[in-house]
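Below is one structure, written out as structure tokens; the observations come after it.
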Amino acid sequence: MSAEQTSTLPQYPEKATLEGRNKFLGLWFFLGGETALFATLFGTYLGLRNSTAGGPTAQELFSLPLVFIMTVILLVSSLTSVLAVMAMRRKDMKGIIRWFIVTVILGLSFLGLEIYEFYEYTHAGLRWSESAFASAFYTLLGTHGAHVAFGCGWITALIVRNFRRPLDTYNAPKFYLASLYWHFIDVVWVFIFSLVYLLGVI
Amino acid sequence: MATHTEQVSLNRKQRSGIWDWITTVDHKKVGILYFLAGFFFFLLAGLEAVIIRVQLIYPELNIVSAQTFNELITMHGTTMIFLAAMPIFLGLMNCIVPLQIGARDVAFPFMNALGLWLFIFGGLLLNLSWFLGGAPDAGWTAYAPLSTDYSGTSGMDFYVLGLQIAGFGTLMGGINFLVTIINMRAPGMSFMRMPMFSWATFVTSALILFAFPPLTIGFFLLMFDRFFGSNFFVADAGGNVIIWEHIFWIFGHPEVYILILPAFGILSEVIPTFSRKRLFGYSAMVFATALIAFLGFMVWAHHMFTTGLGPVANSIFAVATMTIAIPTGVKIFNWLFTMWGGQIRFPTANLWAVAFIPSFLIGGMTGVMLSVAPADYHYHDTYFVVAHFHYVIVGGSVFGIFAGMYFWWPRIFGKMLNETLGKWHFWTFFVGFHLTFFPQHFLGLMGMPRRVFTFLEGQQLELGNFISSIGSFLMTIGSIILIINIIMTQAKKEVAEYDPWDGRTLDWAIPIPTPVYNFAQLPLVKGLDPLWVEKMNGNNKMTPAEPLDDIHMPNSSILPFVMSLCFFIASFGFIYDVLIVAILGIAGFFFCMLLRSLIDDHGYYIKKEELAPVVDEGGKA
Amino acid sequence: MVEENKELINSKLTLEEEIEYKSEMKLQLISFVMMIILTIIAFVAVASDFISPLFKALFVLVMAGIQFVFQLYVFMHLGQKNHEFPTIAIWTGFVVALLCIVSLAALIW
């Protein structure tokens with residue numbers, strides 16, 4: 001049966017059904033809304049970035065090497081989810097699962113580093129309620145971190161569910177959507193490391 | 001879907017009663033629930049308004065205390081906007097739009113139901129505040145620090161969480177409609193053949209999509225400040241309250257277009273139907289709708305003229321605001337030209353639609369007055385503003401809702417509302433509305449500030465306030481007549497006939513009551529006003545675009561209800577500082593999401609033998 | 001048709017698909033390398049002492065903008081066909097985002 005299903009699978013299985021196309025479009029609109037959501041956080045952060053109220057400032061705290069490592073980790077995870085989608089082009093379910101497992105591992109290590117970073121900053125005196133700058137910083141980074149965590153959970157659920165199943169038009173959109181979402185998280189991180197960290201230390 | 005046919009149950013699970021309603025994913029039932037819940041909140045907020053007007057009927061009354069008055073105005077505004085007007089529109093959209101575009105369902109039936117229950121539980125949470133230590137009292141705009149440091153009750157906690165939950169629901173509804181309209185139009189239904197109400201839904205949904213996320217963040221910031229000691233709006237720690245004003249109005253101004261565009265859409269359906277003419281300037285109407293939405297995002301700071309943005313920003317936002325009058329004027333003229341030379345009938349639906357035009361026009365003109373920044377320093381925070389936005393929201397949105405209600409009642413509920421009672425409802429409410437709000441213009445110009453719980457004698461404010469209160473009683477009578485009408489209509493057995501208004505669009509090409517699958521065969525759309533096109537060609541029904549076949553339907557699910565309940569419970573955890581409850585509630589929500597992800601749901605098929613035979617209903621051409 | 005099916009059962013692609021796959025893969029890998037390079041350049045520019053702060057800020061923003069476009073149009077396939085509405089969604093979101101950021105960051109006091 002699995003061979004038969006693979007044989008009838010179109011080149012773009014994620015967009016073969018109306019349900020798949022609906023999900024595809026729905027996720028893109030959701031990402032459009034997320035853009036406005038993150039922009040509000042960015043705006044709030046940029047508005048409050050100098051409101052340190054005597055607490056530690058961005059320049060005193062930010063450590064670029066750590067941020068660079070985090071950036072590279074997230075960028076590589078973006079590539080691995082691309083490779084998963086490329087495996088989908090080959091109807092290679094094993095490849096999809098394999099690359100998404102790597103993506104989740106990278107996502108989790110990113111989260112680990114972020115938690116470590118927050119821990120360090122808190123001990124350096126930047127507590128959450130220290131200043132408006134602290135609140136805005138943790139909220140922006142925390143919202144992004146929550147998105148990463150949600151993405152890890154999402155992809156893990158997909159992997160567990162489809163571990164021993166063939167690729168078909170029902171689960172292909174799910175994988176494709178997860179990869180789109182993951183790229184979007186990376187896009188947000190690009191602006192975080194640029195607008196928060198790099199502009200913060202200039 | 002072929003690969004999964006074997007896993008799909010072919011038998012429809014029969015459910016009945018209340019279980020059917022709380023698990024439904026049928027857009028028609030979801031729409032009815034939206035409508036009923038919205039109507040309940042409409043009556044509730046109306047009651048609050050009457051108490052406000054009773055308090056203000058004579059100077060220096062003390063029927064309610066100043067604190068209660070603050071709670072009343074806050075809850076009146078919040079409930080009317082978030083829990084009454086928007087859900088009623090969402091209800092009409094749910095019931096009508098899939099039919100108008102020739103779809104069997106919406107794109108995301110499950111998410112649609114989730115949006116509904118989130119709205120209902122959010123609304124319940126907000127209104128429970130009355131019994132749990134006092135309602136929100138910082139005005140519907142919740143300006144910080146009034147809403148953080150100086151709030152007298154725990155009501156603002158309910159405000160933040162209740163509206164947050166309801167807002168998630170609205171956002172889901174918006175995405176659902178965008179995708180439905182893009183992906184699921186019937187064969188031949190191009191964008192430029194789409195009925196105006198569907199267009200309005202499309203544009204409104206786009207506004208929801210981009211306006212609600214900033215509000216979500218705004219509520220989070222306010223919530224963090226109130227619950228977790230963050231400093232976004234705490235000036236001592238470097239916080240900035242103007243950020244709240246910006247966030248609120250970046251959402252808030254598109255919100256007023258979310259409230260009025262669907263009413264525009266309803267008018268563009270009702271007026272052509274009862275003029276027996278196609279809508280004048282259809283493409284201009286589409287363009288005007290899109291332009292209003294675009295400009296609606298560029299003008300939020302006109303709510304902040306007196307905050308002190310400075311002359312340059314004030315001028316830019318003033319000019320941008322004035323330009324909105326242009327596309328709106330296009331619409332007004334097009335409705336008038338549609339009526340011109342038509343065979344006009346005046347059932348109640350059309351009375352509301354025609355009454356909309358001058359009423360809304362007055363609201364629009366005071367809007368242009370308010371957009372003049374230097375003059376706004378005089379009008380700001382007076383009853384002039386109150387009169388302005390009630391003319392727009394009652395004379396616009398509510399009149400539009402009533403027009404749509406009388407028009408689509410047979411479509412949604414299968415019965416005709418009583419016309420005699422309808423006309424009583426119209427005249428009492430219409431006269432009452434103008435009596436209530438017209439004098440408020442002058443009260444405002446004479447200097448009466450809004451949101452005051454009483455006024456002094458001998459300042460020439462007595463007459464205006466007295467007339468205004470009498471008008472509100474007349475509106476109450478009108479609303480009571482409407483309720484009687486609804487009860488009487490639903491109590492009678494007589495079902496509405498097919499195509500009762502001699503309709504023009506696809507939503508009238510379906511038997512009454514609407515079958516669960518909407519269209520046994522998807523119709524082939526041959527032009528704007530597709531049913532009218534067929535009627536002009538001597539056909540009584542639509543030309544089918546496909547052979548009769550099995551129809552795929554989504555399974556109903558209890559998960560949307562449970563997920564919303566989880567958020568509802570979590571909110572109490574936050575408000576009463578029992579963190580474990582909050583965590584359990586949110587965990588429960590994500591667990592339900594996980595279930596939804598792990599359990600395959602392929603829906604079921606209605607076999608073609610089960611479909612109601614397509615009979616010739618004998619439409620009048 | 002029969003031949004095609006036989007090939008598909010072996011989960012192989014047709015020649016056309018194979019070529020498309022290869023070029024797509026190349027594009028993805030190249031853009032990944034480009035993004036890594038852009039990131040390094042941005043970090044190095046900020047870390048260096050020879051550039052004026054204003055220029056650094058502008059430079060970082062431009063780098064971020066290029067990466068944004070790469071992610072959207074290469075990794076997320078925004079440029080491919082049937083992406084008209086996603087394009088509208090994202091760029092409208094971007095415009096709203098600019099409004100939010102500019103007003104919240106600059107129109108406060």
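The numbers here are math on the coordinates, done by the rules we state, and not lab data. All figures in this text were calculated on a predicted structure; none of them were measured in a lab. Note that each Cβ is placed from the backbone with ideal geometry, even for glycine, and that neighbours are counted across all protein chains shown.
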TODO: Please report, in debye to the nearest 20, how large the charge dipole of chain B is about its Cα centre when each Lys and Arg carries +1 at its beta carbon and each Asp and Glu carries -1 there.
DONE: 1460 debye
Open item on the list: If I take every Cα pair under 8 Å that is 6 or more residues apart in chain A, average their sequence separation and divide by the length, what percent do I get for the relative contact order?
Closed with: 38 percent
Task: Reciprocal mean inverse distance between Cα atoms of the range B:423-559 - Kirkwood radius, Å - done: 20.2 Å
Task: Spacing of the two label points (7 Å from each Cα toward its C-beta) at B:Asn540 and B:Thr68, in nm - done: 6.1 nm
- [ ] Quick one: of B:Lys277/B:Lys535; A:Lys174/B:Lys608; B:Lys331/B:Lys535; A:Lys23/C:Lys81; B:Lys277/B:Lys526, which pairs are farther than 19 Å apart, Cα to Cα?
- [x] A:Lys174/B:Lys608; B:Lys331/B:Lys535
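Estimate the FRET efficiency between B:Asp601 and B:Thr141 by the formula 1/(1 + (r/R0)^6), using the beta-carbon distance for r and 30 Å for R0, to the nearest 0.05.
On the way: r = 41 Å, r/R0 = 1.38.
FRET efficiency, B:Asp601 to B:Thr141: 0.15.
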TODO: Compute the relative contact order of chain B as a whole-number percentage, counting only Cα pairs closer than 8 Å that sit 6 or more residues apart in sequence.
DONE: 18 percent
TODO: Rounded, prolate or oblate: pick one for the protein assembly as shown, where a ≥ b ≥ c are the square roots of the eigenvalues of its C-alpha gyration tensor, a/c under 1.5 means rounded, and failing that, prolate if a/b is larger than b/c, else oblate.
DONE: oblate
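How would A:Lys91, B:Lys423, B:Lys492 line up from fewest to most surrounding beta-carbon atoms within 10 angstrom? Walk me through the numbers before you get to the answer.
Values: A:Lys91 23, B:Lys423 15, B:Lys492 10.
Ordered by Cβ neighbours within 10 Å, fewest first: B:Lys492, B:Lys423, A:Lys91.
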- [ ] Would you calculate a helix-derived [θ] at 222 nm for chain C, using -39,500 (n - 2.57) for each DSSP H run of n ≥ 4 and dividing by the full residue count, to the nearest 500?
- [x] -26000 deg cm²/dmol
- [ ] Tell me what chain A gives for mean residue ellipticity at 222 nm when only DSSP H runs of n ≥ 4 count, each as -39,500 (n - 2.57), the sum divided by the residue total, rounded to 500 deg cm²/dmol.
- [x] -25500 deg cm²/dmol
Task: the range B:475-526-the range C:30-75 distance, computed between alpha-carbon centres (Å) - done: 59 Å
- [ ] Give the cross-link partners of B:Lys29 among the aspartates and glutamates, using a straight C-alpha distance below 19 Å as the criterion and excluding same-chain residues fewer than 8 apart.
- [x] B:Asp20, B:Asp105, B:Asp507
Task: Net charge of neighbours whose Cβ lies under 14 Å from the Cβ of C:Ser23, counting Lys and Arg as +1 and Asp and Glu as -1 - done: -2
Open item on the list: How are the alpha carbon pair distances in the range B:454-520 distributed across 10 Å bins from zero to the largest one, expressed in percent?
Closed with: 16, 22, 22, 16, 12, 11, 2
- [ ] Please name which of B:Gly588, B:Gly432, A:Leu66 has its Cα lying farthest along the dipole of the protein assembly as shown towards the positive end, using unit charges on Cβ (Lys, Arg +1; Asp, Glu -1) and the Cα centre as origin.
- [x] B:Gly432
Open item on the list: What do you get for the angle between helix B:196-227 and the principal long axis of chain B? Use alpha-carbon atoms, 0 to 90 degrees, nearest ten.
Closed with: 40 degrees
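Determine, for B:Met111, B:Met542, the number of other Cβ atoms within 10 Å of each Cβ, and report the residues in order from fewest to most.
B:Met111, B:Met542
Given the rule -39500 (n - 2.57) for each run of at least 4 DSSP H residues, summed and divided by the residues of chain B, what is its mean residue ellipticity at 222 nm, to the nearest 500 deg cm²/dmol?
On the way: 20 runs with 380 residues, N = 621.
Calculated at 222 nm, the ellipticity per residue is -21000 deg cm²/dmol.
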- [ ] Take chain A, connect every pair of alpha-carbon atoms lying under 10 Å apart with a spring to form a Gaussian network, then pick out the residue of A:Pro166, A:Pro56, A:Pro65 with the largest mean-square fluctuation.
- [x] A:Pro65
Open item on the list: Taking θ = phi - 60°, what integer Hz values does the Karplus form 6.51 cos²θ - 1.76 cosθ + 1.60 yield along the range B:118-130, in sequence order, with x for Gly and Pro?
Closed with: 4, 4, 5, 6, x, x, 4, 4, 4, 7, 5, 4, 4
TODO: Any chance you could give the angle, 0 to 90 degrees and rounded to 10, that helix A:172-191 forms with the longest Cα principal axis of chain A?
DONE: 20 degrees
